[in-house]
Amino acid sequence: MNFFKWIMITAMALMCGINVNAQKPLVLYYSQTSNTKAVAEEIATKLGADIEEIALVTPYDGDYKATIERSKKEREQGITPEIKPLKVDVAKYDVIFLGYPIWYGTYAPPIATLLNKVDLSGKTIVPFCTFGSGGLESSAANLAHAQPKAKILDGYGVRAARMDAMPEEVDQFLKESGFIEGPYVKLPEFSKPHAVNDAEAKIFDAAVGNYPMIKAKAVEVATRSIPYGIEYLYTAVDMLSVSDLRPEKTSFSGITIKIYVTVANGKLPVFTRVVR
Ligand SMILES: Cc1cc2nc3c(=O)[nH]c(=O)nc-3n(C[C@H](O)[C@H](O)[C@H](O)COP(=O)(O)O)c2cc1C
């Protein structure tokens, strides 16, 4: 490459906020219904990264019911679906953004197949995921368990119902974690938690009340201001019957969960993720 070309590329990369000294990362993802694909593409575009989709030899049927039936059977049999060989050489990358939908509280089964096949020792993994209610933290913990010699960084997760907020959140996430440069708003710490009052209990119920997979009672809450409103971090007792998730069990879980709720100025409360 001649010097003029190098100057042009470097200048363009700097204008886009890309760190030219860093090696190109890889964005590797599985997505069944394209939510995670959208996040993967957003991250890859912002980073100028290489990107590859994990493909299945026999893809899950697009139909939700059929997918549940097949995946439940596979879980019972202790098998994960076969994936097609990757086109990229994972060994060439130091930093891998690994994306997936959350299934049954953790990364979807094609990722389990990948983790059984590919050695990520010594690599830095940045998990990202999409979900109905949550699963970033539990899936990241499972990643660390499956690949104990990989360095798992804090990741990004977004609800399928909030995909419109994703591009801005990805931008914030990549800047906060130092992958791209540029101004971003550093959010304050949450306040010390206090017992929920009536108004805060109403906000909680408005945010999660209609969501079928959450039956929880708010106990404590911490708050912080965000650029366009207030964020609440509720501690709640999970009243979801274990039988709702695992038909073979009938007891109530009764465990404590964390639920993040945002109230944007002039808007109704929405929950952004559940940490179980
Ligand atoms: C079989 C199956 C299991 C799922 N399990 C969970 C779950 O445990 N928790 C959750 O929050 N969402 C769950 N979901 C919802 C998906 O995570 C969500 O729709 C995701 O955005 C799909 O991503 P995709 O479009 O990239 O495939 C599940 C979806 C399917 C099909």
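The values are calculated or read from the model by the stated rules, or taken from the named source; none is laboratory data. Since this is a predicted model, take the numbers as computed values, not measurements. With ideal geometry, Cβ positions are generated from the backbone for all residues, glycine too; neighbour counts draw on all protein chains shown. Heads up: the accessible areas ignore ligands, DNA and RNA and are worked out on the full protein's heavy atoms, side chains in. Shrake-Rupley method; radii C 1.70, N 1.55, O 1.52, S 1.80 Å.
Scan the stretch 135-148 and tell me whether some residue there is part of a strand (DSSP E or B) and either basic (Lys, Arg) or within 11 Å of the ligand (Cβ to nearest atom) (or both).
No, the stretch 135-148 contains no residue that is part of a strand (DSSP E or B) and either basic (Lys, Arg) or within 11 Å of the ligand (Cβ to nearest atom) (or both).
Out of (1) open to solvent by less than 60 Å² (accessible area, probe 1.4 Å); (2) at pLDDT below 95, what's the single condition that is false for residue 246?
The number of the failed condition is (1).
Looking only at the stretch 52-64, which residues are modelled with pLDDT of 95 or more and open to solvent by 30 Å² or more (accessible area, probe 1.4 Å)?
Those that are modelled with pLDDT of 95 or more and open to solvent by 30 Å² or more (accessible area, probe 1.4 Å): 53, 55, 57, 58, 59.
Would you point out the residue of the stretch 61-103, among those that are in a loop (DSSP other than H, G, I, E, B) and basic (Lys, Arg), that is nearest to the ligand (Cβ to nearest atom)?
The extreme case among them is 84.
Is at least one residue of the stretch 72-90 open to solvent by 10 Å² or more (accessible area, probe 1.4 Å), touching a helix residue (DSSP H, G or I) at 6+ places or on another chain (Cβ under 9 Å), under 20 Å from residue 143 (Cα atoms) and polar (S, T, N, Q)?
Yes, the stretch 72-90 contains a residue that is open to solvent by 10 Å² or more (accessible area, probe 1.4 Å), touching a helix residue (DSSP H, G or I) at 6+ places or on another chain (Cβ under 9 Å), under 20 Å from residue 143 (Cα atoms) and polar (S, T, N, Q).
Identify, by number, the condition in (1) surrounded by fewer than 22 Cβ atoms within 10 Å (Cβ to Cβ); (2) within 27 Å of residue 71 (Cα to Cα); (3) more than 16 Å from the ligand (Cβ to nearest atom) that residue 126 doesn't meet.
The failed condition is (1).
With the structure loaded, tell me whether residue 102 is under 28 Å from residue 162 (Cβ atoms), outside the structural domain of residue 261 (by TED's automatic domain parsing) and not polar (S, T, N, Q) or whether it fails that test.
yes
Would a scan of the stretch 176-191 turn up a residue that is within 19 Å of the chain's Cα centre (by Cα) and assigned to a strand (DSSP E or B)?
yes
Does any residue of the stretch 140-156 turn out to be open to solvent by 30 Å² or more (accessible area, probe 1.4 Å), of a type in the set (S, T, N, Q) and within 14 Å of the chain's Cα centre (by Cα)?
Checked against the condition, which is being open to solvent by 30 Å² or more (accessible area, probe 1.4 Å), of a type in the set (S, T, N, Q) and within 14 Å of the chain's Cα centre (by Cα), the stretch 140-156 yields at least one hit.
Inspect the stretch 32-51 for any residue being within 26 Å of residue 213 (Cβ to Cβ), out of contact with any Cys (no Cβ under 8 Å at 6 or more places or on another chain) and at pLDDT below 95 and give the result as yes or no.
No, because not a single residue in the stretch 32-51 is within 26 Å of residue 213 (Cβ to Cβ), out of contact with any Cys (no Cβ under 8 Å at 6 or more places or on another chain) and at pLDDT below 95.
Would you confirm, using the coordinates I've provided, whether residue 164 is without any contact (Cβ under 8 Å) to a residue 24 or more places away in the chain, at negative phi and assigned by TED's automatic domain parsing to the domain that holds residue 133? If you could, list the steps in order and put the result at the bottom.
On the way: without any contact (Cβ under 8 Å) to a residue 24 or more places away in the chain: yes; at negative phi: yes; assigned by TED's automatic domain parsing to the domain that holds residue 133: yes.
Spelling it out, residue 164 is indeed without any contact (Cβ under 8 Å) to a residue 24 or more places away in the chain, at negative phi and assigned by TED's automatic domain parsing to the domain that holds residue 133.
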